[in-house]
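Asks: Take this structure, written in structure tokens, and hold onto it; I'll ask about it next.
The values are calculated or read from the model by the stated rules, or taken from the named source; none is laboratory data. From a predicted model like this one, the values you see are computed outputs, not experimental measurements. Every residue, glycine as well, gets a Cβ built from its backbone with ideal geometry; the counts of neighbours run over all protein chains shown. For accessibility, only protein heavy atoms count, side chains too; no ligands or nucleic acids. Shrake-Rupley method; radii C 1.70, N 1.55, O 1.52, S 1.80 Å.
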Amino acid sequence: MMSQRTILHLVSQSEWEAALLHEDYLPSAFAADGFIHCTFGEDELLAVANRFYRQAPGEILVLEIEESKVTAPIKWEPP
């Protein structure tokens, strides 16, 4: 069994603020990808932020998700 860790997810501030109007959060990319992109560890987070969010307009937020509170299946894959 994998140990519990904090899951990290990047989201634009505008998308997060819009999501606060709903009980559950699904990022806009979920419709196309079928899953939510996450990572763990600061090094991986910074690599993802620099690769995919460097040119993104506005503020980017980091969501910290407690793995023990996620009700959907979690699948970890190599980056």
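Asks: Roughly speaking, what % of Cα-Cα pairs in the chain are separated by over 19 Å, rounded to a whole number? All intermediate terms of the calculation are to be shown ahead of the outcome.
Replies: Working: 1181 of 3081 pairs.
Result for the distance tail: 38 percent.
Asks: Taking all protein chains as present, what is the carbon and sulfur share of the accessible area of the chain, in % to the nearest whole number, probe 1.4 Å? Don't skip to the answer; put the middle values down first.
Replies: Working: 3540 of 6480 Å².
Answer for the chain is 55 percent, counting heavy atoms of protein chains only.
Asks: Using unit Cβ charges (K, R positive; D, E negative) and no other charged atoms, how large, in debye to the nearest 20, is the dipole of segment 4-50 about its Cα centre?
Replies: 60
Asks: First select every other residue whose beta carbon is under 12 angstrom from the beta carbon of Thr39; then total the charges, Lys and Arg +1, Asp and Glu -1. All intermediate terms of the calculation are to be shown ahead of the outcome.
Replies: On the way: positive: Arg5, Arg51; negative: Glu42, Asp43, Glu44, Glu64, Glu77.
Overall, the nearby charge balance is -3.
Asks: Are there any trypsin sites (Lys or Arg not before Pro) in segment 34-79 that are in a DSSP loop and have at most 12 other Cβ atoms within 10 Å? List them by number.
Replies: Details: sites: Arg51, Arg54, Lys69, Lys75; in loops: Arg54, Lys75.
Passing sites in segment 34-79 are Arg54, Lys75.
Asks: Let me know the longest stretch in the chain that avoids all GluC sites (Glu not before Pro) found in a DSSP loop with at most 14 other C-beta atoms within 10 Å. List each step's numbers first, then the result.
Replies: Numbers: sites that count: Glu23, Glu59.
In the chain, the maximal stretch lacking such sites is 24-58.
Asks: In percent, how large is the relative contact order of the chain, given Cα pairs closer than 8 Å and 6 or more residues apart?
Replies: 52
Asks: Here is a further query. Summing -39500 (n - 2.57) over the DSSP H runs of n ≥ 4 in the chain and dividing by its residue number, what mean residue ellipticity at 222 nm do you reach, to the nearest 500 deg cm²/dmol? Don't skip to the end; give the middle numbers.
Replies: Details: 3 runs with 22 residues, N = 79.
Estimated from H runs of four or more residues: -7000 deg cm²/dmol.
Asks: Please give the Cα centre distance for segment 48-79 versus segment 18-43, rounded to the nearest Å.
Replies: 7
Asks: Where the only charges are on Cβ atoms (+1 Lys, Arg; -1 Asp, Glu), what is the dipole of the chain about its Cα centre, to the nearest 20 debye?
Replies: On the way: 5 positive and 13 negative charges, 42 e Å.
Computed about the Cα centre, the dipole is about 200 debye.
Asks: What longest region of the chain stays clear of chymotrypsin sites (Phe, Trp or Tyr not before Pro) that DSSP places outside H, G, I, E and B and that have at most 16 other Cβ atoms within 10 Å? Each step should come with its number before you reach the end.
Replies: Values: sites that count: Tyr25, Phe35, Phe40, Tyr53, Trp76.
For chymotrypsin sites (Phe, Trp or Tyr not before Pro) (loop position, at most 16 other Cβ atoms within 10 Å), the longest site-free span of the chain is 1-24.
Asks: Please name which of Ala72, Gln13, Gln55 has its Cα lying farthest along the dipole of the chain towards the positive end, using unit charges on Cβ (Lys, Arg +1; Asp, Glu -1) and the Cα centre as origin.
Replies: Gln55
Asks: Okay, moving on. Treat each spin label as a single point 7 Å out from the Cα along the C-beta direction, and report the Phe35 to Glu67 distance in nm.
Replies: Distance between label points: 1.5 nm.
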